[in-house]
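Below is one structure, written out as structure tokens; the observations come after it.
The values are calculated or read from the model by the stated rules, or taken from the named source; none is laboratory data. Note that the structure is a prediction, hence the values are computed from the model and not measured. Cβ placement follows ideal geometry from the backbone for every residue including glycine, while neighbour counts extend to all protein chains displayed. Heads up: the accessible areas ignore ligands, DNA and RNA and are worked out on the full protein's heavy atoms, side chains in. Shrake-Rupley method; radii C 1.70, N 1.55, O 1.52, S 1.80 Å.
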Amino acid sequence: MRDHRLYPLVLGIGSVVIVACAFSGQQAAEPNPDEWKLTWNDEFEGKEIDRSKWDFDLGNGFFNYDANVWIGGWGNNELQYYTREPENAFVKDGMLHIRAVKESYNGSGYTSARLKSRKRDGSPLFNKKYGRFEFRAKLPTGQGVWPALWMLPQDEKYGGWPASGEIDVLEVKGQEPTKVLGTLHFGSRWPANTLAGKDYVLPREGTIADFHIYALEWEPGEIRWYVDGQLSSTQSFWWSCGKGDGVKGTNPANEADLNPWPAPFDQPFYLVMNVAVGGQFVGNPDKTTVFPVEMLVDYVRVYDKVGGYVKIKPRGKGKLPFDKP
């Protein structure tokens, strides 16, 4: 997913499809207790959403204070209106349910929910720098359905989106139920923003409509994605620049224009879970899409590395904007 930006972003440029070999299943997804220790979790075992852990985004857009304008459709021409109504988000049978419904509501044609571990006023509920972030979830399918589990910076230390970064643990096009995408967004503010991401095709004819464990391990200078314990991709190249021309970002001219490595992924991020409807990434629903659609989250678990994080890995291979062809 994307947030806090002025203009839509076209995804999939340079994406690589990775087909995994067979693996031993979800039992392999448990982290090694000698390497990772549990520090925060929500098992959704109560009768209500724990408001000490989660707040809600509301509406069909946000106000961009840099440009002093309202950005409708969450910057992507999305169609849903986010609510905190129990029809859209509730806990039942030990699981969080996020449900997108086809209904007219406040000028929108759909309602849904977006939960985040930061209050709407920006104050913290939970955020973390580095660690293992793990979700066991069952995702909805259908043309124009866009579920996502992702992370945003608690404070935009390096500037507006995505100079301060975005980490997508996973997002899915509902019309492509065998494939998940993990992505980093970074660079300067639009139009000098960029991304790095890879598709992962579920093995053995698996689909997102079944439960899978989606995990991300984030260490200084390297971020790794896993599905059911299978490493799906690794990223170690990114950059951040705060230069701009008015409300627009500009590319760095040299190394001195960059924020120090491993910025922007050296600051605390908070968690986001949502089901969007429509937008540039997935297209709009059609007659084949059956509503309501629902994402089930069995648990969210966050781990810290035993012994801490000592060494920052150097920036990996990649092309900076000022590199010669």
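A few notes on this one:
- Residue match in region 256-275 (condition: open to solvent by 30 Å² or more (accessible area, probe 1.4 Å) and under 30 Å from residue 90 (Cα atoms)): yes
- Qualifying residue in region 225-240 (condition: in a loop (DSSP other than H, G, I, E, B), touching an Asp or Glu at 6+ places or on another chain (Cβ under 8 Å), open to solvent by 10 Å² or more (accessible area, probe 1.4 Å) and at pLDDT 95 or above): yes
- Checked against the criteria, residue 13 does not count as touching a strand residue (DSSP E or B) at 6+ places or on another chain (Cβ under 7 Å), at pLDDT below 95, of a type outside the set (Asp, Glu) and within 27 Å of residue 286 (Cα to Cα).
- Filter result for residue 78 (acidic (Asp, Glu), crowded, with 22+ Cβ neighbours inside 10 Å and under 30 Å from residue 222 (Cα atoms)): no
- Enumeration of residues in region 44-66 that are open to solvent by less than 30 Å² (accessible area, probe 1.4 Å) and either over 14 Å from residue 273 (Cβ atoms) or among the basic types (Lys, Arg) (or both): 59, 61, 62, 64
- Inspection of region 89-96 identifies at least one residue that is surrounded by 23 or more Cβ atoms within 10 Å (Cβ to Cβ), assigned to a strand (DSSP E or B) and in contact (Cβ under 8 Å) with a residue 40 or more places away in the chain.
Conditions tested, residue by residue: (1) assigned to a loop (DSSP other than H, G, I, E, B); (2) under 13 Å from the mean Cα position of the chain (by Cα); (3) modelled with pLDDT of 95 or more.
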{"residue": "146", "(1), (2), (3)": "no, yes, yes"}
{"residue": "150", "(1), (2), (3)": "no, yes, yes"}
{"residue": "160", "(1), (2), (3)": "yes, no, no"}
{"residue": "164", "(1), (2), (3)": "yes, no, yes"}
{"residue": "169", "(1), (2), (3)": "no, yes, yes"}
{"residue": "174", "(1), (2), (3)": "yes, no, yes"}
{"residue": "183", "(1), (2), (3)": "no, yes, yes"}
{"residue": "194", "(1), (2), (3)": "no, no, yes"}
{"residue": "197", "(1), (2), (3)": "no, yes, yes"}
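- For residue 116: the one exception among (1) of a type in the set (Lys, Arg); (2) under 18 Å from the mean Cα position of the chain (by Cα); (3) closer than 13 Å to residue 292 by Cα: (3)
- Screening region 291-325 for residues that are hydrophobic (A, V, I, L, M, F, W, C) and in contact with a strand residue (DSSP E or B) (Cβ under 6 Å, 6 or more places away or on another chain) and picking the one that is surrounded by the fewest Cβ atoms within 10 Å (Cβ to Cβ) gives 306.
- Reported count of residues in region 113-151, each being surrounded by fewer than 20 Cβ atoms within 10 Å (Cβ to Cβ), among the hydroxyl-bearing types (Ser, Thr, Tyr) and under 21 Å from residue 62 (Cβ atoms), is 1.
- Scanning region 180-218 for residues that are within 11 Å of residue 234 (Cα to Cα) and in contact (Cβ under 8 Å) with a residue 60 or more places away in the chain gives 183, 184, 196, 197, 198, 216, 217, 218.
- Any chance residue 67 is small (Gly, Ala, Ser) and assigned to a strand (DSSP E or B): no
- Scanning region 101-114 for residues that are farther than 15 Å from residue 73 by Cα and among the hydrophobic types (A, V, I, L, M, F, W, C) gives a single hit, 101.
- Within region 269-325, being closer than 23 Å to residue 33 by Cα and among the hydroxyl-bearing types (Ser, Thr, Tyr) holds for 299, 303, 309.
- Sole exception among (1) assigned to a loop (DSSP other than H, G, I, E, B); (2) open to solvent by less than 70 Å² (accessible area, probe 1.4 Å); (3) at negative phi for residue 279, by number: (3)
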